[in-house]
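To start, the structure itself, in structure tokens.
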Protein chains: 2
Amino acid sequence: MLTDTLKYRKSRQREKILEILRNTKCHPTADTIYLEMKDEFPDLSLGNVYRNLNILVETNMIKRLDFGSTFNRYDGNCETHSHFICEKCGEVSDLEINENFNPEDFIKNSNGKKVKNFTLEFSGICENCR
Amino acid sequence: MLTDTLKYRKSRQREKILEILRNTKCHPTADTIYLEMKDEFPDLSLGNVYRNLNILVETNMIKRLDFGSTFNRYDGNCETHSHFICEKCGEVSDLEINENFNPEDFIKNSNGKKVKNFTLEFSGICENCR
DNA sequence: TTCTATGCAAAAAGTTTGCAGTTAA
DNA sequence: TTAACTGCAAACTTTTTGCATAGAA
């Protein structure tokens, strides 16, 4: 857990952020997380949410996603999975893909690049917007 | 070409942006494009580069890419291909994938979502940083 | 002539950072 | 006791926008 890392101490705020991200399937923005925490932490600052999100990304507890140009979203599920973004409402959801799927098999020529990770993202119209 | 669209008139600046994006394999940021155009258009403003990039994205002449959290990059190649981002130097390059590759085949359950597009991105260490 | 394109500058939106006080270990 | 964590506010970066003028059709 967080306490495994030497550099960082425990913080109630950071644990709450992780809990929120672990317990939701949608992929909230920093601001959404901030608003969700305000009840429990009335003095919380948005800057601190960003600071902790960066620490969680750095320690591989969460992933930063990049959808569209507007703002970042965060994901508490670090296992390989894909995302689907609705072109109408902008909602981001998970999409399960087969475990045996390895996109590296489809690379024509890696030209000496060492591939370590991949992300696969889909877009279209979600079930609510059809 | 651009003149096909009804709404927009021809603009030397916009054509230059398109030319730059068509003639490079790296995926420049708005600011990089702006700097590259400064010689030919000394009065050019960065705001106008952004305006034209948005028009080009809207008319499907180029694609907006989203790597990392810092800023957007643009791509003049609208055919299906993948990108590779180096975790060390941050450079973004193209990666060819097989034509018959269709990631939709690997979706477990689309839950009523209508998938229209996908993007596949790889990361790792590039040939120069190994 | 009409309406889009432009440069400029200001504003907006998202994110980071410096500081002084607080808190975990 | 030490160094990380915090709120606050200011700063920073990227992108958008309002306005008056220039330019394409």
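Worth pointing out:
- Only one of A:VAL57, A:VAL49 that is part of a helix (DSSP H, G or I), out of contact with any Ser or Thr (no Cβ under 7 Å at 6 or more places or on another chain) and either at pLDDT below 80 or within 12 Å of another protein chain (Cβ to nearest Cβ) (or both): A:VAL57
- Of the residues making up region A:1-21, those that are assigned to a helix (DSSP H, G or I) and either touching a His at 6+ places or on another chain (Cβ under 9 Å) or modelled with pLDDT of 90 or more (or both) are A:ARG12, A:GLN13, A:ARG14, A:GLU15, A:LYS16, A:ILE17, A:LEU18, A:GLU19, A:ILE20, A:LEU21.
- Residue among A:GLY76, A:GLY112, A:GLY68 that is modelled with pLDDT under 80 and on the phi > 0 side of the Ramachandran plot: A:GLY68
- Positions within region A:88-130 being of a type in the set (Val, Ile, Thr) and within 18 Å of B:ASP94 (Cβ to Cβ), in sequence order: A:ILE107, A:VAL115, A:THR119
- Among the residues of region B:7-32, the one identified as near DNA strand D (Cβ under 10 Å from one of its atoms) and among the aliphatic types (A, V, I, L, M) is B:ALA30.
- Pairs with Cβ under 9 Å, 6+ apart, first in region A:13-24 and within 14 Å of chain B (Cβ to nearest Cβ) and under 18 Å from A:ARG64 (Cβ atoms), second part of a loop (DSSP other than H, G, I, E, B) and within 11 Å of DNA strand D (Cβ to nearest atom): none
- Scope region B:117-130; condition farther than 17 Å from B:LEU65 by Cα, assigned to a strand (DSSP E or B) and either free of Cβ contacts under 8 Å to residues at least 40 places away in the same chain or more than 26 Å from the chain's Cα centre (by Cα) (or both); matching residues: B:ILE125
The values are calculated or read from the model by the stated rules, or taken from the named source; none is laboratory data. Just so it is clear, the model here is predicted, and its values are computed rather than measured. Counting neighbours? That spans all protein chains shown, and the Cβs are built from the backbone with ideal geometry, glycine included.
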